[in-house]
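Step one of this worksheet: look at the structure below.
The values are calculated or read from the model by the stated rules, or taken from the named source; none is laboratory data. Computed from a predicted model, the values in this text were never measured in an experiment. A quick note on method: Cβ atoms are made from the backbone with ideal geometry, for glycine too, and the neighbour counts reach across all protein chains shown. With ligands, DNA and RNA removed, areas are computed over all heavy atoms of the protein, side chains included. Shrake-Rupley method; radii C 1.70, N 1.55, O 1.52, S 1.80 Å.
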Amino acid sequence: MLNTNGKEKRKGHNPQLGLKELLHYVGPGLLVTVGFIDPGNWASNIAAGSEYGYKLLWMVTLSTIMLIILQHNVAHLGIVTGDCLAESANKNLKPWLSKIVLSTAVLAAISTALAEILGGAIALNLLFKIPVKLAAVMILALILWMLFTNSYQKLEKWIIGFVSIIGLSFIYELSLVHVDFNHAVAGWTTVSIPQGSMLIIMSVLGAVVMPHNLFLHSEIIQSRQWNLEDESVKKLQLKYEFADTLFSMLIGWAINSAMIILAATTFFNKGIHITELGQAATMLEPLAGKAAALIFAGALLFSGIASTTTAGMAGGSIIAGMFDEPYDPKDPHTRYGVIGILVSATLLIFLITDPLKGLIYSQMFLSIQLPITVFLQIYLTSSERVMGKYKNSFKHKLTLIVIGFILTILNIMLLVSMIKG
């Protein structure tokens, strides 16, 4: 169970289904949302919109639908068992298999953190002309301070505030441009794979459905565990969790869509191909005004800080789970796991020559690792030994398997596309 300051079960809590009570449960889903509106998404979405206009919006829709199903399912694992995905894998897989699976998850967490720290560093460079590598070190220091000196409740409030700022920023950005909603609706609902678009499609997928978020959600959902010995309370919590997840994921869908639409209306329509996030902010100024460029950079900074924070939490959860322990910033395994993953990601930034390609390829790696995490999740949540009577129904299991195969097929298409050049 999540073990942070103030995270104790409240045995006397007897929730009643209602809007006021629901608000007490909103939070974990929004922390997951941060992970798929991170700088890696910005890079993938800006590339998608500037290269192909509205045509790849369908991938955001498909990814979000799959995300809602997957996150809802993995949150149930945390609520029912009291274990996060990493802890459950460590307990229920053969030791050698558990080590392999969780090691790939650690690499995915590093890849995620790389994109998020780099995005925050690019934002600092845009706003204050700080060199990107120095800015990356500054972002790293800030995140470590936030994670090790704040309670979970404080971090949750900060991150909800960051998500709100990012959302309002894109509402403002879209108010400055002319959006063709007929084309947008067609883009959301029509599958289109333009020639040469597979890398960007996979990067969009990897940026929305992210392995570390599955580990994170199963951990932080336990912050809302109250009186779990009461079966009726547990069932009610499962309902509240779905409302939180659905609400939060739809916010993420809207923000991701706004990124592609903004790029389509400002860059694609002018024939401008964006090769880096800094260029996107610079090109926004003559097209939409100086305020638009500054708000873009500011929102990118908030995105980088918030998403790096949750990436650190997810990475710490994975490492702690490998030792059959809950996430606890005071515990050495969690602490060294967080530090190791974030420092490794920062060091990799010093080796990157093209920031945008670094961001896109990091998202591509996440999409390649994703099927491993998804099939792990399906195995655990479909096991009666693990979940008891809350195991997946046949229909739910079949749906999850179909999603897993879709992700796998898309990955194979990506590899074929790369081999053909």
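Can you spot a residue in region 8-29 that is touching a Pro at 6+ places or on another chain (Cβ under 6 Å), modelled with pLDDT under 85, open to solvent by 10 Å² or more (accessible area, probe 1.4 Å) and farther than 23 Å from Ala135 by Cα?
There is at least one residue in region 8-29 that is touching a Pro at 6+ places or on another chain (Cβ under 6 Å), modelled with pLDDT under 85, open to solvent by 10 Å² or more (accessible area, probe 1.4 Å) and farther than 23 Å from Ala135 by Cα.
Could you look through region 111-136, keep only residues that are open to solvent by less than 10 Å² (accessible area, probe 1.4 Å) and either outside any helix (DSSP H, G or I) or of a type in the set (Gly, Ala, Ser) (or both), and pick out the one that is farthest from Val343 (Cα to Cα)?
Ala123
What helices (runs of 4 or more DSSP H) lie completely within region 178-226 and have 2 or more residues being out of contact with any strand residue (DSSP E or B) (no Cβ under 6 Å at 6 or more places or on another chain) and buried (at least 24 other Cβ atoms within 10 Å of the Cβ)?
Here the list reads 198-208, 211-220.
Based on what the data block shows, is Ala108 part of a helix (DSSP H, G or I), under 21 Å from the mean Cα position of the chain (by Cα), of a type in the set (Gly, Ala, Ser) and modelled with pLDDT of 95 or more?
Working: part of a helix (DSSP H, G or I): yes; under 21 Å from the mean Cα position of the chain (by Cα): yes; of a type in the set (Gly, Ala, Ser): yes; modelled with pLDDT of 95 or more: no.
Judged against the criteria, Ala108 is not a match.
Any idea which of Ser98, Ser103 is over 15 Å from Val209 (Cα atoms) and open to solvent by less than 10 Å² (accessible area, probe 1.4 Å)? If you could, list the steps in order and put the result at the bottom.
Details: Ser103 fails: open to solvent by less than 10 Å² (accessible area, probe 1.4 Å).
Sole residue among the options that is over 15 Å from Val209 (Cα atoms) and open to solvent by less than 10 Å² (accessible area, probe 1.4 Å): Ser98.
Does at least one position in region 331-346 carry a residue that is surrounded by fewer than 19 Cβ atoms within 10 Å (Cβ to Cβ) and either part of a loop (DSSP other than H, G, I, E, B) or modelled with pLDDT under 90 (or both)?
Yes: one or more hits.
Please enumerate the residues belonging to region 50-79 that are open to solvent by 30 Å² or more (accessible area, probe 1.4 Å) and β-branched (Val, Ile, Thr).
Listed by number, the residues that qualify are Thr61, Ile65, Ile69.
Could you go through region 166-182 and let me know if any residue there is more than 27 Å from Gly298 (Cβ to Cβ) and in contact with a Lys or Arg (Cβ under 9 Å, 6 or more places away or on another chain).
no
Give the residues of region 251-272 that are of a type in the set (Gly, Ala, Ser), over 17 Å from Val185 (Cβ atoms) and part of a helix (DSSP H, G or I), sorted by residue number.
Gly252, Ala263
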